[in-house]
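Down below is the structure, laid out as structure tokens.
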Amino acid sequence: MKIICSCYGYRENEIFQEILDTGISSILINIETAYNLGLCSCKTKNPSKHCCLPEVRLVAENAMIERLEIIKTAILTLELHGVNIERLSQKAKELFDF
């Protein structure tokens with residue numbers, strides 16, 4: 001899989017898989033922290049000469065969308081097997097009521 005962060009050698013699939021597995025990305029947090037501290041070398045290390053953060057954020061967003069789709073499928077499967085999902089539905093409404 002392609003390297004998405006030339007400064008630190010992070011790969012796109014590492015970000016994606018971490019979010020699928022845990023729901024968060026320590027890689028995104030690490031890159032943002034390094035960027036905010038001025039520790040990135042995008043202009044010299046990245047072939048595009050641009051910061052990777054927009055692309056890293058997009059990968060993280062896509063991974064979270066896939067994770068939500070997996071959760072939706074799991075809930076529908078539970079319902080198919082006779083599990084009352086009303087509590088799950090209520091909790092989801094509470095959790096996502098931004």
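Find the residue count for the stretch 18-29, including only residues that are within 15 Å of residue 8 (Cβ to Cβ) and surrounded by fewer than 15 Cβ atoms within 10 Å (Cβ to Cβ).
Residues in the stretch 18-29 being within 15 Å of residue 8 (Cβ to Cβ) and surrounded by fewer than 15 Cβ atoms within 10 Å (Cβ to Cβ): 2 in total.
Mind checking whether some residue in the stretch 35-57 is assigned to a helix (DSSP H, G or I), under 15 Å from residue 9 (Cβ atoms) and basic (Lys, Arg)?
So far as the stretch 35-57 goes, yes, one or more of its residues are assigned to a helix (DSSP H, G or I), under 15 Å from residue 9 (Cβ atoms) and basic (Lys, Arg).
From (1) without any contact (Cβ under 8 Å) to a residue 40 or more places away in the chain; (2) in contact with a Ser or Thr (Cβ under 8 Å, 6 or more places away or on another chain), pick out the condition that doesn't hold for residue 34.
Single failed check for residue 34: (2).
Go through the stretch 40-98 residue by residue and tally those that are among the β-branched types (Val, Ile, Thr) and farther than 21 Å from residue 20 by Cα.
3
Note down all Cβ pairs under 7 Å where the first residue falls in the stretch 15-26 and is without any contact (Cβ under 8 Å) to a residue 12 or more places away in the chain, the second is in a helix (DSSP H, G or I) and charged (D, E, K, R), and they're at least six residues apart or on different chains.
26/18
Out of curiosity, is residue 24 part of a helix (DSSP H, G or I) and within 30 Å of residue 69 (Cβ to Cβ)?
no
Every residue in the stretch 40-68 that is without any contact (Cβ under 8 Å) to a residue 24 or more places away in the chain and more than 30 Å from residue 89 (Cα to Cα), please.
43, 44, 48, 49, 50, 51, 53, 54
Take the stretch 75-91 and flag every residue that is surrounded by 10 or more Cβ atoms within 10 Å (Cβ to Cβ), of a type outside the set (Asp, Glu), over 26 Å from the mean Cα position of the chain (by Cα) and part of a helix (DSSP H, G or I).
Result: no residue meets the conditions.
Only the coordinates and a few stated rules stand behind these numbers; no lab work does. On a predicted model such as this, the values are computed, not experimentally measured, just so you know. Note that each Cβ is placed from the backbone with ideal geometry, even for glycine, and that neighbours are counted across all protein chains shown.
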